[in-house]
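For reference, the structure discussed in these notes is given below.
The values are calculated or read from the model by the stated rules, or taken from the named source; none is laboratory data. Since the structure is predicted, the reported quantities are computational estimates derived from the model, not experimental observations. As a convention, Cβ positions derive from the backbone with ideal geometry for all residues, glycine included, and neighbour counts pool all protein chains shown. What goes into the accessible areas is simple: the full protein's heavy atoms, side chains included, and nothing from ligands, DNA or RNA. Shrake-Rupley method; radii C 1.70, N 1.55, O 1.52, S 1.80 Å.
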Amino acid sequence: MSYVAERLSVVKPSASMAASQAAKSLAATGVDVIDLGLGEPDFPTPEHISKAAYDAALSGETLYTASTGTLALREAVAEKFRRENGLDYRPEEIAVANGAKQIIFNALLATLNDGDEAILPTPYFVSYPEMVKLLGGVPVTPQCPAEAGFRLTPDVLEAAITPRTKWLFLNAPGNPSGAVYSKAEMQALGDVLAKHPRVLILSDEIYEHIIFDGREFVSFGTACPDLRDRSLIVNGVSKSYAMTGWRVGYAAGPAPLIKAMGTVQSQSCTSVAAPMQAAAVAALTGPQDCVSEFREAFQRRRDLVVAGIAKIDGLELPAPEGAFYAYIGCADLIGRRTPGGKTLATDTDVSDYLLSDGHVGSVPGSAYGLSPFFRISTATSDEVLSDAVERIGRAVGALKPAQENA
């Protein structure tokens, strides 16, 4: 007898969490493993943010809050959007949840009917299609290859839209690719969407501040203001302020959608813990020096990894434009044989080999819908990344050509 709901039969666990757990399991046997499966900054949360949570708890801010967040936090989010993005939202147009993932989950639960389609440009964040499927929707996954800069183009978007399309997801800077859209590129997508008024847009901008080489971040809301009444702008404090474990995400969108998301939240977890919301207020309204300091470190680490991978025969890595990942092309490894005689037939095989023989944890590109690639996080120290790249190089160098006997 199974106690598991049928809806779960089509949903996979988080691939990045699974990859990280596999690395931890190997490490538990005594093997020295570098786990680059999960993406989270290795910096401590800035002290003034942690202190704000501590002070809030001591002062009695330990009770339930409004399901969409405290007024103080929603006002801080509104001010952030005005200050950084030139967007004007009222507090009732802002929702707070336990991370950007819960924001997205709430939005989908509030809007998806069975059979509704969500366009997820590929490569996509691993949780997007699973959340869509869990809630009765159908993922539509147009390919956005490296040759297109991992970006969705207007023609590809137009071809993906059907009468059942409910959502288009955009994620920039992107996980896993690091792709960034220019204002003109977003406006070109907006021109297509203008012809399809039933399609909602979810712009996941969680890596907004992690953008490289002097590029300018442009919010979809800023680029396409005419689509405001059907755009949900998703963000949070996890990545920019090294607050992944604090679990505070937020979004701005049309008031009816925000109200519906609040209803979902009120019947699930009620709200985000009050001290965590106080910490998020401190992050958004306090000193912002840490944001640029983190970004500079992430770009230096990006450069280190790009330079190291370029020296490894069989791997390709165009310099990511943002975020803190390296989505490494491994097409030339497919067909090669491991020292143990196994043929690498997929990027999952490549990722498994890098863990078993190279002792580096990674996530296969198949988890993001585009193969053959593997993703490593670059959100760790220069020393660890240098070691990891060396291990990857040694493991790749030990492979035998496909035509050679084991």
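Restricted to region 353-393, and to residues there that are assigned to a loop (DSSP other than H, G, I, E, B) and among the aliphatic types (A, V, I, L, M), the residue that is farthest from Gln143 (Cα to Cα) is Ala379. Among the residues making up region 101-118, those that are open to solvent by less than 20 Å² (accessible area, probe 1.4 Å) and either within 16 Å of the chain's Cα centre (by Cα) or at pLDDT below 95 (or both) are Ile103, Ile104. Counting only residues that are of a type in the set (A, V, I, L, M) and within 28 Å of Asp114 (Cβ to Cβ), region 4-45 holds 8 of them.
Scanning region 53-97 for residues that are of a type outside the set (A, V, I, L, M) and open to solvent by 50 Å² or more (accessible area, probe 1.4 Å) yields a count of 15.
Exactly one residue among Ile312, Ile328, Ile334 is without any contact (Cβ under 8 Å) to a residue 60 or more places away in the chain, open to solvent by less than 50 Å² (accessible area, probe 1.4 Å) and not acidic (Asp, Glu), and that residue is Ile328. Among the residues making up region 305-332, those that are more than 26 Å from Glu205 (Cβ to Cβ), under 26 Å from the mean Cα position of the chain (by Cα) and not small (Gly, Ala, Ser) are Ile309, Leu315, Glu316, Cys330. Residue check: Val4 meets all listed conditions (1) in contact (Cβ under 8 Å) with a residue 40 or more places away in the chain; (2) over 21 Å from Lys101 (Cβ atoms); (3) among the hydrophobic types (A, V, I, L, M, F, W, C) but one, namely (1).
If the condition is being crowded, with 22+ Cβ neighbours inside 10 Å, over 20 Å from Gly174 (Cα atoms) and basic (Lys, Arg), then region 188-247 contributes no residue at all. Residues of region 78-89 that are more than 23 Å from the chain's Cα centre (by Cα) and within 22 Å of Ala282 (Cβ to Cβ): Glu79, Arg82, Arg83, Tyr89. Residues of region 364-377 that are surrounded by 24 or more Cβ atoms within 10 Å (Cβ to Cβ) and within 16 Å of Ile309 (Cα to Cα): Phe373, Phe374, Arg375, Ile376, Ser377. Inside region 11-22, residues that are at pLDDT 85 or above and assigned to a helix (DSSP H, G or I) make up a count of 2.
Just a yes or no: is a residue in region 288-309 open to solvent by 30 Å² or more (accessible area, probe 1.4 Å), in contact with a helix residue (DSSP H, G or I) (Cβ under 8 Å, 6 or more places away or on another chain) and more than 30 Å from Ser351 (Cβ to Cβ)? No, region 288-309 contains no residue that is open to solvent by 30 Å² or more (accessible area, probe 1.4 Å), in contact with a helix residue (DSSP H, G or I) (Cβ under 8 Å, 6 or more places away or on another chain) and more than 30 Å from Ser351 (Cβ to Cβ).
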